[in-house]
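Only one structure is covered here, and it is reproduced in the block below.
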Amino acid sequence: MATPDNEWWARRSHALKAGYFDIDGQFGPLRGVHNPLHRWNGFATPYFPIDSVLRVKEVVEQEQDYPQKFTIDDDGVWYWVEDYADEYDDPRGRLEASIEFDGVTMYDIGNGGWCWDEVTETGGYV
């Protein structure tokens with residue numbers, strides 16, 4: 001029987017696997033979880049703990065050619081990109097989805113839009 005490839009299945013904690021993720025070496029291996037059977041255009045769709053989110057924030061906010069920022073507050077993690085600023089209902093941007101995994105809140109950063117690769121702890125491709 002085939003495993004369903006949809007959002008419901010992607011978020012089931014029994015289907016999630018811990019691993020490391022990166023995009024062309026930009027972030028260094030980031031700790032996170034994903035469902036290896038759920039892909040977006042062939043790329044991983046990870047969720048990240050707050051320490052990994054802070055690393056993503058640090059890197060993307062340095063990008064001068066594509067202004068973007070993260071806001072982290074009691075409501076969660078918000079992502080704002082200048083190109084889409086007029087489409088957001090909130091000045092902080094878009095609230096990123098989150099899940100609980102082993103008692104830790106994990107955040108969807110670029111899940112289904114960024115080209116995340118699963119990598120080893122030292123950065124090699126899996």
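The values are calculated or read from the model by the stated rules, or taken from the named source; none is laboratory data. Quantities reported herein were computed from a predicted structural model and do not represent experimental measurements. Cβ coordinates were reconstructed from backbone atoms using ideal geometry, including for glycine residues, and neighbour counts include every protein chain displayed.
Results, tabulated for the structure shown:
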| read-out | value |
| --- | --- |
| Pick from segment 109-126, criterion modelled with pLDDT of 95 or more and not in a loop (DSSP other than H, G, I, E, B), ranking: nearest to the chain's Cα centre (by Cα) | Trp116 |
| Identity of the residue in segment 28-86, of a type in the set (Gly, Ala, Ser) and either surrounded by 16 or more Cβ atoms within 10 Å (Cβ to Cβ) or free of Cβ contacts under 8 Å to residues at least 24 places away in the same chain (or both), that ends up farthest from Glu118 (Cα to Cα) | Ala85 |
| In segment 15-27, residue surrounded by the most Cβ atoms within 10 Å (Cβ to Cβ) [restricted to those that are touching a strand residue (DSSP E or B) at 6+ places or on another chain (Cβ under 8 Å) and under 19 Å from Gly103 (Cβ atoms)] | Leu16 |
| Residue match in segment 90-103 (condition: β-branched (Val, Ile, Thr), touching a residue at least 40 places away in the same chain (Cβ under 8 Å) and farther than 20 Å from Pro29 by Cα) | yes |
| Asp5 being of a type outside the set (A, V, I, L, M, F, W, C), at pLDDT 95 or above and outside any strand (DSSP E or B) | no |
| Single condition Gly93 does not satisfy, out of (1) crowded, with 19+ Cβ neighbours inside 10 Å; (2) modelled with pLDDT under 95; (3) over 14 Å from the mean Cα position of the chain (by Cα); (4) not aromatic (Phe, Trp, Tyr) | (2) |
